[in-house]
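The values are calculated or read from the model by the stated rules, or taken from the named source; none is laboratory data. All figures in this text were calculated on a predicted structure; none of them were measured in a lab. When we count neighbours, we look across all protein chains shown, and the Cβ atoms used for this are built from the backbone with ideal geometry, even at glycine.
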Amino acid sequence: MKDSLGAGASTTSVLGFDPVARRNTYQLVAEAIARAIAEGRLRPGDRLPSERDLSQTYSVGRSSTREAIRVLESQGLVQADGRGGFLVMDYGNLLRQALGLLVGLERVEISDLFEVRKTLEIETAGLAAVRRSAVDLEAISAHLAEMEAGLGDPGRYNFADIGFHIDLASATGNLLTVRLMDAIRDAMSKTFAVAFHLPGNPELSLEEHRGISAAVVARDPDLARVRMRSHLERVEAETSGVQSGRAVTVSLVEDR
């Protein structure tokens, strides 16, 4: 029986794979700890076991453990606590941080942001109307009340506005949707700050939010989608005309 690879052919060349790279011990340790975090065995705010305990647990040298922790720190999974130890970070912020780093040197056109928001939030509103719980409705109602109370305070109003949109994402029951919304909240905050100062916008936006909420309460997904689309398109049109007709851009990296 002839060799199916043919004369002169090699398994590597036929399959097109590069040789498997050897991984260092510290990489394996870092992956094991990251897996413990992902599986919830280590939760945000938990203190990592000591370097000595980790070394004993994984049967590796302390230098490998030390380097593994450095890797996790660079990935934003752990942070020094200032007392010689490390705490597990809120990994829900990782996507936001990664997105900020990705576009931080470029700046994002406001039209791009609203395109993403419409893609994500219109369907989110529909799903929220179908899946929302009593707890979700309480959170939505609380943020609407906070928006009303903040009509004279842009910081308070905009924080509640973002909270409303995060509430809708949470009501879908889809954790990834929540993380994606959280990832763009810094950019949203900057456009909200612009929109707040447009004459009459805070009051109109509040009414639009109430309309979206009413559709969610009524379990009417189609109406929720229609009202969310209408709200986003109006705010996009009004915000885009700011700054003497020049394109408005937003940075996804928080101002320092």
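Put simply, of Ala149, Ala160 the only residue that is surrounded by 18 or more Cβ atoms within 10 Å (Cβ to Cβ) and assigned by TED's automatic domain parsing to the domain that holds Pro221 is Ala160. Pairing each residue of the stretch 22-41 that is on the phi < 0 side of the Ramachandran plot with any residue that is assigned to a helix (DSSP H, G or I) and among the aromatic types (Phe, Trp, Tyr), provided the two are 6+ apart or on different chains, yields C-beta distances under 9 Å for Thr25/Tyr58; Leu28/Tyr58; Val29/Tyr58; Ala32/Tyr58; Ile33/Tyr58; Ile37/Tyr91; Ala38/Tyr91. Within the stretch 68-83, the set of residues being farther than 17 Å from Pro44 by Cβ and in a helix (DSSP H, G or I) comprises Ala68, Arg70, Val71, Ser74. Filtered by the rule that a residue be of a type in the set (Lys, Arg) and either part of a loop (DSSP other than H, G, I, E, B) or in contact (Cβ under 8 Å) with a residue 24 or more places away in the chain (or both), the stretch 42-65 gives Arg43, Arg47. Counting the residues of the stretch 124-146 that are in contact with a Pro (Cβ under 7 Å, 6 or more places away or on another chain) and either more than 17 Å from Met181 (Cβ to Cβ) or surrounded by fewer than 16 Cβ atoms within 10 Å (Cβ to Cβ) (or both) gives 1. Out of Phe86, Phe114, one residue alone is more than 19 Å from the chain's Cα centre (by Cα) and at pLDDT 80 or above. It is Phe86. Counting residues in the stretch 6-16 that are of a type outside the set (D, E, K, R), modelled with pLDDT of 65 or more and in a helix (DSSP H, G or I) gives zero.
What about Met228, is it modelled with pLDDT under 95 and among the hydrophobic types (A, V, I, L, M, F, W, C)?
Values: modelled with pLDDT under 95: no; among the hydrophobic types (A, V, I, L, M, F, W, C): yes.
Taking the combined requirement at face value, the residue does not satisfy it.
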